[in-house]
């Protein structure tokens with residue numbers, strides 16, 4: 001009985017530990033010089049599959065002022081997907097892009113004016 005309880009406890013502990021490791025907190029820093037009102041993160045096309053072809057928009061609640069950052073928890077399992085396209089849109093509808101960003105837990109990703117998508 002004690003062994004059964006021990007193994008159940010061990011599996012519960014490992015399950016909670018692994019589920020905490022699956023998604024990641026990421027900090028996005030806006031150093032573009034402009035206020036951003038939309039941030040979209042999506043898996044890189046090479047990592048898309050039927051159930052991850054969805055964008056994750058995080059700034060609809062409040063704008064991201066220049067010089068400020070936002071910490072988000074990705075809704076994606078980093079064991080399956082860890083490379084993303086990240087788009088910022090400022091209030092003038094200019095777009096800033098980072099492609100094929102490899103994300104790990106506690107990543108800090110900084111956008112500057114150099115990330116402006118001139119083809120947009």
If packing is taken as the mean number of other Cβ atoms within 10 Å per residue, what is the order of 82-88, 64-70, highest first? 82-88, 64-70
Segment residue 83-residue 29, extension gain: residue separation times 0.36 nm, minus the distance between their alpha carbons: 17.6 nm
Need the full-extension length gain, residue 108 to residue 91, defined as separation in residues times 0.36 nm minus the C-alpha distance. One decimal, nm. 3.8 nm
Given a Förster distance of 25 Å, report the FRET efficiency between residue 100 and residue 62 from their Cβ-Cβ distance, rounded to the nearest 0.05. 0.35
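Taken together, the values in this text are just the output of simple stated rules run on the coordinates, not laboratory data. These numbers come from a predicted model, not from an experiment. Every residue, glycine as well, gets a Cβ built from its backbone with ideal geometry; the counts of neighbours run over all protein chains shown.
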